[in-house]
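Notes follow the structure.
The values are calculated or read from the model by the stated rules, or taken from the named source; none is laboratory data. Just so we're clear, the structure is a prediction, and the values are computed from it rather than from any experiment. For neighbour counting, all protein chains shown are included, and Cβ atoms are generated from backbone atoms with ideal geometry for every residue, glycine included.
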Amino acid sequence: MFLENTGHKNESYGWIEVITGSMFSGKTEELIRRLKRAKFANLNVEIFKPEVDNRYGTDKVISHDANEIISTAVPAAANISLLADNCDVVGIDEAQFFDDEIVRVCNDLANRGIRVIVAGLDMDFKGNPFGPMPNLMATAEYVTKVHAICTRTGQLAHHSFRKGENDSLVMLGETEEYEPLSRAAFHKIMVREKVRKMNVTSETVTPKKSKNA
């Protein structure tokens, strides 16, 4: 589907490809595969990621399968536009951690004739759309949704379940902190957790004494 050389030398516009899904679904692996193919085609490629993602250092994008490619960490999406001059292809990993400006940046790059390949989580650990990803998918020409395997049912997983009690939206982690779950497994856990919190709340409520007591 994706051609490193389009053959249309007079075409001045690029396009946006989004690779999305849950954790452990192979998003970064697919991003690296496409970028390396572009390099083999002798295209000028630059890869960016948010500074907050420092799990493997600041100069590499590394997949869970230990596949890697040199990258540049940036503090904000606007920096990508400044560093992407003379590029044929721009790769962006962990796009969900960028501010909403990433949508404008990707479209500006595509309008400048650059092929933009973006990878990121589609949902956060609560199952809600994550950051700018919905808008990126809406404006992209191509969207590829990849899936992990649910550790509890063996079915396709598209939820990233957080095992701990940390309620922060941004929390980096691996298999110790996150678990890929199917819709059924995720829903059962969410219902069970809701019931648990209701029970804890009811136990902490002290009944009022009657005035006649």
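Being touching a residue at least 24 places away in the same chain (Cβ under 8 Å), assigned to a strand (DSSP E or B) and not polar (S, T, N, Q) is true for just one of Gly113, Gly91. Which residue is that?
Gly91
Per-residue answers, yes or no, for (1) closer than 15 Å to Val18 by Cα; (2) of a type outside the set (Gly, Ala, Ser); (3) surrounded by fewer than 22 Cβ atoms within 10 Å (Cβ to Cβ); (4) in contact with a strand residue (DSSP E or B) (Cβ under 6 Å, 6 or more places away or on another chain):
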site: Arg112; (1), (2), (3), (4): no, yes, yes, no
site: Asp124; (1), (2), (3), (4): no, yes, yes, no
site: Phe130; (1), (2), (3), (4): yes, yes, yes, yes
site: Pro134; (1), (2), (3), (4): yes, yes, yes, no
site: Ala157; (1), (2), (3), (4): no, no, no, yes
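Looking only at segment 162-197, count how many residues are of a type outside the set (Val, Ile, Thr) and modelled with pLDDT under 90.
The number of residues fulfilling the criteria is 21.
Applying the selection to segment 136-152, what residues are farther than 18 Å from Glu17 by Cα and either part of a loop (DSSP other than H, G, I, E, B) or aromatic (Phe, Trp, Tyr) (or both)?
Those that are farther than 18 Å from Glu17 by Cα and either part of a loop (DSSP other than H, G, I, E, B) or aromatic (Phe, Trp, Tyr) (or both): Cys150, Thr151, Arg152.
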